[in-house]
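Nothing in this text is a laboratory measurement; each read-out follows from the coordinates by a stated rule. Remember, it's a predicted structure, so these values are computed and weren't measured experimentally. So basically every Cβ, Gly included, is an ideal-geometry build from the backbone, and we count neighbours across all protein chains shown.
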Amino acid sequence: MVKVSCSYDEGYESYEKYLCKNNCGSNDDVLITTSESRKNKYVIHDDKTARIFTTTISDLHSADAGIYWCGVTRTGKDIYTEVKLKLVQDRCCDTVTKVQSYEGYSESVSCTYESQYQNNLKYICRGNQPSTCLQQALITSDKEQNGRFRLDDDKVLGTFTVTINSLVKSDSGSYLCGVQRNSDLDVFSAVELKVKVFQQHTGNGASTVETPAQISDAGQYVVYAVPPVLLVLICVLVLIVYKCKRQKIKGNEAVMNRNTSKTGGLEEVMGAAENSIYGNDEVVRYSEKQTSKIACNDYHDAGEDEPDYENCTQSEEIYCNEDFHKANRR
């Protein structure tokens, strides 16, 4: 099937239009007119607002190739527009872009085009037959959203992107990206989409289906479970360090206690020694009566009238006076 579109000037909206072949010199050359919208395998439609009439030719064969004329009937000579019809094999394309995704996910298919077609209609369809692609389009650029399909046209980059949401297994297959051209065949590029199902193998050789939601839950488990585990490990390490420091402090206290007990014993011994030194009451009482200076006789110079004096230590204060010793012995 092919559509032949022809425009006409303002003022001819009410005039009859037709499509003919060869030289249009006989009635047999006229294939269809706007006075009869359908004839054999031809269908004609006149859009008087846009001033374009379109003829659709179905069931094409090689004999349908050639030159056609769009005519507008008027008094005198009709107005003609030449149209060349080329027939090619209804398939596309030599190069195929392969895309893989998973059930439940969204996937985008990007299709490039030349800058001269930035204002042309873009679309995508299933299958690989260009002749029926536009009629079976899943979405076109004049409608950004259609169910699970969304089309975004980046005219600067020369790329339009079709996004398919909530993929299912049946979305797998061939797709054609198309750019409409009024005066020639549309431009196409082919895409092969493969939608996979998540599978998880068990120990007995069987496999179970794992949905994206389950995988998402698993990811969330990792995100939410790992921090508590780390927190527990940190708490354990802190507890171990605390116990080690506690044991070290206790050990230091024990050493200090032992040192303290030794010091006390030493003080007791010293106290006992002092008591032994000063235990003689006579000596202590006598010592208290003495001044800090005691006359000590120097027997080396016995002929002198005055005794020599010298400063004595406490022990000397007690023991240096020979007369004191002699008196005590009596």
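Observations on the model:
- Amide H to amide H distances under 5 Å link I32 with L19, where only residues 5 or more positions off or on other chains count and H is placed in the peptide plane.
- Span from the the stretch 1-46 Cα centroid across to the the stretch 117-195 one, whole angstrom: 30
- Dipole magnitude (debye, nearest 20) for the stretch 1-97, charges at Cβ of Lys, Arg, Asp, Glu: 80
- Computed from the C-beta positions of Y80 and D142 and an R0 of 35 Å, the FRET efficiency is 0.70 to the nearest 0.05.
- Pairs from the table (K39/K77; K41/K98; K17/K41) lying more than 29 angstrom apart at Cα are K41/K98.
- The stretch 2-85: relative contact order in percent, alpha carbon pairs under 8 Å with at least 6 residues between: 34
- Debye intensity ratio in log₁₀ form over the Cα atoms of the stretch 1-71, taken at each q of 0.11, 0.18, 0.19, 0.26 Å⁻¹: -0.25, -0.66, -0.74, -1.29
- Computed from point charges on the beta carbon alone (+1 for Lys and Arg, -1 for Asp and Glu), the dipole magnitude for the stretch 96-196 about its Cα centre is near 300 Debye.
- Burial ranking of peptide ranges 21-31, 112-122 (average Cβ count within 10 Å, highest at the top): 112-122, 21-31
- With the simple spin-label model, which puts each label point 7 Å out from Cα in the Cβ direction, the D28 to K98 separation comes to 5.4 nm.
- Annotation: extensible slack from T159 through L237 equals 22.4 nm (criterion: 0.36 nm per residue apart, minus Cα-Cα distance).
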